[in-house]
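Each reported figure results from applying straightforward, stated rules to the coordinates on display, with no laboratory input. None of these values were measured; they are calculated from a predicted model. In this analysis, Cβ positions are derived from the backbone assuming ideal geometry, glycine residues included, and neighbour counts consider all displayed protein chains.
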Amino acid sequence: MPVKKILVADDSATVRQFLLEALSRRGYQVLLAENGEQAVSKARSERPDLVLMDVVMPGVNGFQATRQIARDEATKHIPVIMCTTKSQETDKIWGLRQGARDYVTKPIDVDELAAKIAALG
């Protein structure tokens, strides 16, 4: 199923705005969440086709939110791509173990991200 609606979860307003503009220009509908709790809630209520998840956020971090989305019957079908500054191989492995489908490090290369999104569809 092609990806049309993307939920961007990041505590940085700058990153949210950057991804909103970059993904909207490519024809995606973009929803925004400022933290992990909002991401889990919006994943349940809005049913996006994909979640782009930051890791370092206040409260529920991206690893925890990804695990919640991946284990919830209502949202486990929604793929998550981690988009984070955490670039260690152990971080990537941990993110994938929490249920993420892919892992992108910041600064985000929009063309690389778009290719990963297209590959999901």
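Return the total of residues in the stretch 8-61 being within 14 Å of Leu113 (Cα to Cα), in a helix (DSSP H, G or I) and aliphatic (A, V, I, L, M).
Within the stretch 8-61, residues that are within 14 Å of Leu113 (Cα to Cα), in a helix (DSSP H, G or I) and aliphatic (A, V, I, L, M) number 5.
Would a scan of the stretch 92-112 turn up a residue that is assigned to a strand (DSSP E or B), touching a Leu at 6+ places or on another chain (Cβ under 8 Å) and in contact (Cβ under 8 Å) with a residue 60 or more places away in the chain?
Scanning the stretch 92-112 turns up no residue that is assigned to a strand (DSSP E or B), touching a Leu at 6+ places or on another chain (Cβ under 8 Å) and in contact (Cβ under 8 Å) with a residue 60 or more places away in the chain.
Would you mind finding the one in Leu32, Leu52, Leu23 that is aliphatic (A, V, I, L, M) and over 11 Å from the mean Cα position of the chain (by Cα)?
Numbers: Leu32 fails: over 11 Å from the mean Cα position of the chain (by Cα); Leu52 fails: over 11 Å from the mean Cα position of the chain (by Cα).
None of the others qualify; the one that does is Leu23.
Looking only at the stretch 28-41, decide whether some residue is closer than 18 Å to Pro2 by Cβ, surrounded by fewer than 16 Cβ atoms within 10 Å (Cβ to Cβ), touching a residue at least 40 places away in the same chain (Cβ under 8 Å) and not basic (Lys, Arg).
The answer is no; no qualifying residue exists.
Could you look through the stretch 73-104, keep only residues that are over 12 Å from the mean Cα position of the chain (by Cα) and closer than 16 Å to Glu46 by Cα, and pick out the one that is surrounded by the most Cβ atoms within 10 Å (Cβ to Cβ)? Give the derivation first.
Step one: list which residues in the stretch 73-104 are over 12 Å from the mean Cα position of the chain (by Cα), which gives 73-77, 85-94, 96-98.
Next, only the ones that are closer than 16 Å to Glu46 by Cα stay: 73-77.
Numbers: Glu73: 6, Ala74: 11, Thr75: 20, Lys76: 13, His77: 12.
Among them, the one singled out is Thr75.
From Ala65, Ala70, which residue is surrounded by fewer than 21 Cβ atoms within 10 Å (Cβ to Cβ), under 24 Å from Met1 (Cα atoms) and either without any contact (Cβ under 8 Å) to a residue 12 or more places away in the chain or in contact with a Gly (Cβ under 8 Å, 6 or more places away or on another chain) (or both)? Quick ask: steps written out before the conclusion?
Details: Ala65 fails: surrounded by fewer than 21 Cβ atoms within 10 Å (Cβ to Cβ).
Exactly one residue qualifies, and that residue is Ala70.
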